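The values are calculated or read from the model by the stated rules, or taken from the named source; none is laboratory data. On a predicted model such as this, the values are computed, not experimentally measured, just so you know. Glycine also receives a Cβ, built like all others from the backbone with ideal geometry; neighbour counts cover every protein chain displayed.
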Amino acid sequence: MTAATDPEAARLDLYCRELKLPGLRAAYPGIAREAQAQGHSHRSFLAACLAQELESRRRHRLAAHVQQARFPALKTLDSFDFLALPELPKPKVLALADGSFVRKRENVICLGQPGTGKTHLAIAVGLEVIQAGFRVRFTSAISLAQELLAAQQEYRLPRYLKSWQRIDLVVLDELGYLGLGPGGPLLFQFCAERYERGSLLVTTNLDFSRWVEVFGDATLTAALLDRLTHHAQILLFQGESYRFRESHHQHKELSSAIVTSPLDATRSPGRQGGVDDPVA
């Protein structure tokens, strides 16, 4: 009997709607049938219903926080190729997943050449941190600098900076790939305001000695590094570019396919051309 024909079921359905209990509304018919079949007590039935509602809310909350993080793609630690970077300490990386560094308001800096998996790892750690109950936001350094500059020009910079205070971990990607221009001092202000208040996970292709190339001011750069590295874990990515490896692998596969193509098999050993090659 459904809610359309059973007054009691209709009443329960209405109560769930009014109380905004979508998980309970979807699950209670099945839980009720199981409870009746197993002879469970009313308390057990109620506990099972409430547990289902809590689980439903947890799933929806996680999905919302992942969407709010604005990751460019979803990457996991399981899919990260640690074998390609033997000098990267895997236990240290995996330890970041519980979010304890966010709880301590520490920073993480991923430093290495382009294509070595820094962004992949940053996204994967960000996802794990969300699972641990924290709020995360992903942005590139140049995008954030431009947004800060626009907020300043529109006289809303204080409000914009305040909107980031509720974010526990900011993933700042690709610092060093492009100069920040007039946005450099504003990005410094952004990072400085997070000092011991919130965590940063920075990916960069530049050694610290070259960060002045991005920010354009030696004094400002030194002050930023002092704050950023005070409570920080630094991960060095030393290895061949992942994209280069993939491209090289595909090139080898293509070359192998050409060498062993069916067309080659139709050619006689003594001729340079194919069957329809013109005769010189």
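Among the numbered criteria (1) more than 21 Å from residue 124 (Cα to Cα); (2) touching a helix residue (DSSP H, G or I) at 6+ places or on another chain (Cβ under 9 Å); (3) outside any loop (DSSP other than H, G, I, E, B), which single criterion is violated by residue 235?
The single condition residue 235 does not satisfy is (1).
Of all residues in the stretch 116-138 being outside any helix (DSSP H, G or I) and buried (at least 18 other Cβ atoms within 10 Å of the Cβ), which is farthest from the chain's Cα centre (by Cα)?
Step by step, filter the stretch 116-138, then rank; the result is 116.
Given the options 108, 93, name the one that is within 28 Å of residue 226 (Cβ to Cβ), in the same structural domain as residue 137 (by TED's automatic domain parsing) and assigned to a helix (DSSP H, G or I). Walk me through it before giving the result.
Working: 108 fails: assigned to a helix (DSSP H, G or I).
Unique residue meeting the criteria: 93.
Hey, among 134, 80, which residue is within 30 Å of residue 209 (Cβ to Cβ) and modelled with pLDDT of 95 or more?
Details: 134 fails: within 30 Å of residue 209 (Cβ to Cβ).
Just one listed residue meets the conditions, 80.
Kindly list the number of the only condition in (1) at positive phi; (2) without any contact (Cβ under 8 Å) to a residue 60 or more places away in the chain that fails for residue 76.
Result: residue 76 passes all but (1).
Here's a check for you: in the stretch 90-114, which residue that is touching a residue at least 40 places away in the same chain (Cβ under 8 Å) and loosely packed, with under 14 Cβ neighbours inside 10 Å is nearest to residue 236 (Cα to Cα)?
Among those residues, the one meeting the criterion is 113.
Taking the options 215, 138, 134, name whichever one is touching a residue at least 40 places away in the same chain (Cβ under 8 Å) and among the aromatic types (Phe, Trp, Tyr). Spell out the reasoning first.
Working: 215 fails: touching a residue at least 40 places away in the same chain (Cβ under 8 Å); 134 fails: touching a residue at least 40 places away in the same chain (Cβ under 8 Å).
Answer to the selection: 138.
State the number of residues belonging to the stretch 188-242 that are hydroxyl-bearing (Ser, Thr, Tyr), crowded, with 18+ Cβ neighbours inside 10 Å and farther than 27 Å from residue 69 by Cβ.
Number satisfying all stated conditions: 1.
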